[in-house]
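Participant: Here you go, one structure.
The values are calculated or read from the model by the stated rules, or taken from the named source; none is laboratory data. Predicted model only: the values in this text are computed from it and were never measured. Cβ sites come from the backbone with ideal geometry, for glycine too, and all protein chains shown count toward neighbours.
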Amino acid sequence: MATRPEKASRWKRGVRPDRYAEAALADMLGVPLELARAMGWPHWLHLALIDDRVLLTAPWTPAGALAALEHLGRPVPMDRRAALFSGGVLAATLASWAAALPAGAVAASGRPQATARTADLIDTRLAALRLLDDEIGSGRTYGLARAERDMVTEVLRTHSYSEATGRRLFSAAAEAARICGWAAFDSGAIPEAERHYLGAARAAASAGDPVVQANILSFWAMARYSGGDTSGALDYVEGALTSATRTGSPRMIAMVHARASRAHAKAGDHNASRRAEEAAFAVYDRAGHPADEPACVYWVSRAELHSWAASNAADLNHPGRALTHYAAIPDAQQETAYDSAAYPRSHALRLTRQADAHLALRDVDAAVHAADKAVHTLGGVTSSRSTGILADLRGKLRAHRQVPLVRDFLERTV
């Protein structure tokens, strides 16, 4: 490989090396060539800077899942966290996940025994963590989620357990890592969220649990379309729908269809988005009591489906249709005795987006009224995503600062 300074200078400016030079670079930096090809230039260079290769190259086995989970438990400087996932890596992840075999029993002398009660107690803690995140936000629960993941990983590493208990423990580890991913995403760190989701995926493969598999893929899809990769999001939605169908849970299946509708809306595909919306509402009509569904979809409701549909309409430049869906939410909430105080972040997000729709229709007074309620509702909840959307709305309102109501709102919310 030539080492002329001008060649390295071109690479720094974004010019891709020829295939022979790239292969030599990968070999020199210790990055598997097939992984470099899958990630593409210059994304794979991050693997030479941070030791995230274990997340991509560890075998899809229980031992590989533990290695990935333990790796996530180590600190990584924020300035060295970067996007690891290109289209090739996403496809390889889905294929490896589908081919993985679930965990078996672990019987080792001298180890304490983890039992079904152990798994029950951990599941109870994770259920409480999900509810706590709803109320106080991701900024305060992120550390708790990492601690839960590390605790479950330690139990898996140091205890004996039956096959059934082992799979439940891997399922719990996957859900804890999924909550970490969600908290990172809600805090505005999409690359970091995807690291957690990949660790969650490896644990879920060892669990062999379609509920946790569908849940992880649906949340991962949200990270992909929020980052602009609607094609990758739809690939993950397809995998999520396969797993969700196996669960037989109407709420889970409706949630996955709703994720598909969001991805299509982000891509500007009006018809595909509406079809997925309709599928979500149709399957939700078969939903029973939340207690009869998987615990992780407790929050999926008809009101949420209307909220997603409203966001789709806004993304597709139909603010009037968005407001129609927002207007349907109060009645939908009554059918499930919805307590908005338990979900301040979600309520504030809806109000902010509702204000944006009013503003798009030039109803400034209604926009400020909804924005005021959003600020009050969000209160001390920590969510970079929510505060970011609210900041964007304030930016749009500045164009109307000559209106006294707007000027007063902007001054009060500096």
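Participant: Taking the condition more than 22 Å from P210 (Cβ to Cβ), more than 17 Å from the chain's Cα centre (by Cα), modelled with pLDDT of 95 or more and surrounded by 13 or more Cβ atoms within 10 Å (Cβ to Cβ), does A114 pass?
Facilitator: Against the criterion (more than 22 Å from P210 (Cβ to Cβ), more than 17 Å from the chain's Cα centre (by Cα), modelled with pLDDT of 95 or more and surrounded by 13 or more Cβ atoms within 10 Å (Cβ to Cβ)), A114 qualifies.
Participant: Scan region 218-234 residue by residue and report those that are assigned to a helix (DSSP H, G or I) and in contact with an Asp or Glu (Cβ under 9 Å, 6 or more places away or on another chain).
Facilitator: W220, A221, A223, R224, T230, listed by residue number.
Participant: Can P330 be described as more than 24 Å from D186 (Cα to Cα) and touching a Leu at 6+ places or on another chain (Cβ under 9 Å)?
Facilitator: no
Participant: Is at least one residue of region 128-140 within 20 Å of A205 (Cα to Cα) and modelled with pLDDT of 95 or more?
Facilitator: For region 128-140, residues within 20 Å of A205 (Cα to Cα) and modelled with pLDDT of 95 or more: absent.
Participant: Of all residues in region 179-190, count the ones that are in contact with a Gly (Cβ under 9 Å, 6 or more places away or on another chain) and either under 19 Å from T387 (Cα atoms) or assigned by TED's automatic domain parsing to the domain that holds C296 (or both).
Facilitator: Selection size over region 179-190: 6.
Participant: On to the next question. Restricting the search to region 142-176, which residues are polar (S, T, N, Q) and surrounded by fewer than 24 Cβ atoms within 10 Å (Cβ to Cβ)?
Facilitator: If the condition is that a residue be polar (S, T, N, Q) and surrounded by fewer than 24 Cβ atoms within 10 Å (Cβ to Cβ), then T158, S160, S162, T165 are the ones that fit.
Participant: Is it true that some residue in region 156-168 is without any contact (Cβ under 8 Å) to a residue 24 or more places away in the chain and not assigned by TED's automatic domain parsing to the domain that holds A348?
Facilitator: Among the residues of region 156-168, not one is without any contact (Cβ under 8 Å) to a residue 24 or more places away in the chain and not assigned by TED's automatic domain parsing to the domain that holds A348, which makes the answer no.
Participant: Hey, M255 hits all of (1) outside any helix (DSSP H, G or I); (2) surrounded by 23 or more Cβ atoms within 10 Å (Cβ to Cβ); (3) not aromatic (F, W, Y) but one; which does it fall short on?
Facilitator: It is condition (1) that M255 fails.
Participant: Within region 145-171, can you find the residues that are more than 13 Å from A103 (Cα to Cα) and either within 22 Å of the chain's Cα centre (by Cα) or of a type in the set (A, V, I, L, M, F, W, C) (or both)?
Facilitator: Answer for region 145-171, where residues must be more than 13 Å from A103 (Cα to Cα) and either within 22 Å of the chain's Cα centre (by Cα) or of a type in the set (A, V, I, L, M, F, W, C) (or both): A145, R146, A147, E148, R149, D150, M151, V152, T153, V155.
Participant: How many of the residues in region 258-272 are in contact with a helix residue (DSSP H, G or I) (Cβ under 6 Å, 6 or more places away or on another chain) and surrounded by fewer than 24 Cβ atoms within 10 Å (Cβ to Cβ)?
Facilitator: 3
Participant: Return the total of residues in region 183-197 being in a helix (DSSP H, G or I) and surrounded by fewer than 24 Cβ atoms within 10 Å (Cβ to Cβ).
Facilitator: Result for region 183-197: 4.
Participant: So, D120, is that one closer than 28 Å to D186 by Cα, surrounded by fewer than 18 Cβ atoms within 10 Å (Cβ to Cβ) and either touching a strand residue (DSSP E or B) at 6+ places or on another chain (Cβ under 7 Å) or without any contact (Cβ under 8 Å) to a residue 60 or more places away in the chain (or both) or not?
Facilitator: yes
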